[in-house]
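Please treat every number below as a calculation from the coordinates, not as lab data. None of these values were measured; they are calculated from a predicted model.
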Amino acid sequence: MDTMIRRGRESDLPALRDILNHYILNTIVTFEMVEMSLENRKTWFTQFREDGRYQLMVAEKSNEVVGYAASLRFHQRPAYAPSVMTSIYIHPNYLGQGIGEKVYSALLENLKAESEAHRAYGLVVLPNAGSVRLHEKLGFKQAGLLSEGGYKFGKFHDVRIYEHRLN
Ligand SMILES: CC(C)(COP(=O)(O)OP(=O)(O)OC[C@H]1O[C@@H](n2cnc3c(N)ncnc32)[C@H](O)[C@@H]1OP(=O)(O)O)[C@@H](O)C(=O)NCCC(=O)NCCS
């Protein structure tokens, strides 16, 4: 069955929380360390709109929410406002089926149409071959490396900064 891409809704939050929590608890792809609660996800959800810088797109397959891509505030200092940080997670049972590309492309198309959003940054903890390929395929360029920029599961990890020049 085809993957449907649509705006995220509040009713998606339990599924989105579960997908993210899998990666928080078991992998270094995210530097979050503690499981997210539903309350936390509800607060997170309040930042999204159907236009502007901060948007949430969801992938659904056979009525199941199987992933999402979001644009978030990049940095709290106000002059960074035209730059957004992106975030993408696909359910572990649905990897490598083109869903990440579909949902991320939809988010980027929305952002390209927004004059308020000028740059998108993806921070990829290395190694992450799938995320590296996806960012490069969708037009992100390497903008830098945070050498041992994070510490999780008893080790330092490098982080590659990917930049998309939206406008
Ligand atoms: C990274 C992620 C979003 C990619 O989504 P996906 O649906 O699995 O990827 P797609 O099927 O859309 O594939 C997109 C491209 O990446 C490639 N790819 C996907 N997984 C790959 C892997 N593990 N190794 C190498 N290439 C991979 C695909 O082959 C495709 O490239 P191609 O068209 O040249 O063949 C997904 O694997 C994921 O959610 N991973 C865990 C969370 C994560 O790492 N998020 C990103 C944090 S920066």
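Things to note:
- The aspartates and glutamates whose alpha-carbon is closer than 13 Å to the alpha-carbon of Lys141, local same-chain residues fewer than 8 away aside, are Glu163.
- Between amide H atoms placed 1.01 Å from N, distances below 5 Å from Gly150 occur with His157, all of them 5 or more places distant or on a separate chain.
- Top of Met85, Met36, Met57 by mean-square fluctuation, Gaussian network on the chain, Cα under 10 Å: Met36
- Residue-span extension gain [Gln76 to Gln47] - 0.36 nm each, minus C-alpha spacing: 9.1 nm
- Candidates His91, His75, His135: whichever shows maximal mean-square fluctuation once the chain is modelled as a Gaussian network with Cα springs under 10 Å: His75
- Note on the chain: with a GNM built from Cα contacts shorter than 10 Å, the maximum mean-square fluctuation among Leu38, Leu108, Leu13 falls on Leu38.
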